[in-house]
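The values are calculated or read from the model by the stated rules, or taken from the named source; none is laboratory data. Keep in mind that what you see is a predicted model, and the values were worked out from it rather than measured. Because the Cβ atoms are built from the backbone with ideal geometry, glycine has one as well, and the counts that use them run over all protein chains shown. For accessibility, only protein heavy atoms count, side chains too; no ligands or nucleic acids. Shrake-Rupley method; radii C 1.70, N 1.55, O 1.52, S 1.80 Å.
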Amino acid sequence: LMARGLGALLDAHVTLVEPDMKGRLELCEAKGIEFRRVSTRNPPHDLVFHVEYVRAMNEIYREIKPDVLVVFNAAVLPPLLLSAHRPQCVIYYMLE
């Protein structure tokens, strides 16, 4: 709902990136929202998982160069903050 609301408010394309976890239901399709699932060789919340996931997130970030970035986990911030591209707005929405 948050992604849909931001996309509608800003009239923008929205990309949601999430880990591809075994047994987790895939998000349904929604108009104007692209879903990308990142597969890793290690289970979620494992240290090596975080490294793999952050590397994949960094590649996607460099590809799409978002103007607004919503982050749900601080683990993805360090490489994104070192990137040459800077979004106009970063929202850290902490659910943990």
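Okay, here's what the table says:
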{"quantity": "Close pairs from the range 1-19: first touching a residue at least 40 places away in the same chain (Cβ under 8 Å), partner in a helix (DSSP H, G or I) and open to solvent by 50 Å² or more (accessible area, probe 1.4 Å), Cβ under 7 Å, at least 6 apart", "calculated": "Thr15/Ile64"}
{"quantity": "In the range 73-96, the residues that are surrounded by 14 or more Cβ atoms within 10 Å (Cβ to Cβ) and not in a helix (DSSP H, G or I)", "calculated": "Asn73, Pro87, Val90"}
{"quantity": "Number of the condition not met by Leu27 [criteria: (1) modelled with pLDDT under 85; (2) touching a Leu at 6+ places or on another chain (Cβ under 9 Å); (3) open to solvent by less than 50 Å² (accessible area, probe 1.4 Å)]", "calculated": "(3)"}
{"quantity": "One residue from Val54, Val70 being in contact (Cβ under 8 Å) with a residue 12 or more places away in the chain, surrounded by 13 or more Cβ atoms within 10 Å (Cβ to Cβ) and outside any helix (DSSP H, G or I)", "calculated": "Val70"}
{"quantity": "The range 58-67: number of residues that are open to solvent by 30 Å² or more (accessible area, probe 1.4 Å) and among the hydrophobic types (A, V, I, L, M, F, W, C)", "calculated": "1"}
{"quantity": "Which numbered condition Arg41 misses (of (1) in a loop (DSSP other than H, G, I, E, B); (2) open to solvent by less than 100 Å² (accessible area, probe 1.4 Å))", "calculated": "(2)"}
